[in-house]
């Protein structure tokens, strides 16, 4: 029986690779690869993409800075604070037993990004959500790969393929990660924009995970 389950999982993985991935341009600065059949949504201030793989779900969300509520990011320290606050909000938006794992600062080309994983016990199994957060060109980009921990061995190849496919135009420089000082900010919480991004990602994730459970 175990051999049969393993065979089904391997065939599903091969089918996922066989369906073909294609390069997608989010904007003039950022591109990545997604499986065919991905979905896209766009508004005046935000863009989102979603796609299903054999063992996981891919989510991408871009939100333009709001000069009223986005904090000033003038130096590396401010960028670090912005990323750390984002992680705190991811954790606080999850279940009380959510855990942040594998947090690290890394580079995407010459740009600083933050990678981390959120682990959640949903009650019906442990769910893993791998994140990469990038602030550049007056926008925040969130890349996410969701999968069930029981499938981590098979989801790893899909996750690596997605994150390794993320590219930033060479014309985007480290200086483009910073924002201009704005003295006209209101008293609104400076990290409200991060909360809005998280709310959108959480909603998309919920819809996709519910769809996967219905199908299974």
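The values are calculated or read from the model by the stated rules, or taken from the named source; none is laboratory data. This structure is a prediction, so every number in the text was calculated from the model and none was measured. Glycine gets a Cβ as well: all are built from the backbone with ideal geometry, and neighbour counts include every protein chain shown.
Just one of the listed residues (155, 180, 175) is within 28 Å of residue 57 (Cα to Cα) and either modelled with pLDDT of 95 or more or more than 13 Å from the chain's Cα centre (by Cα) (or both), and it is 155. Answer yes or no as to whether residue 57 is at pLDDT 95 or above, surrounded by fewer than 19 Cβ atoms within 10 Å (Cβ to Cβ), in contact with a strand residue (DSSP E or B) (Cβ under 7 Å, 6 or more places away or on another chain) and under 19 Å from residue 158 (Cβ atoms). Criteria not met by residue 57.
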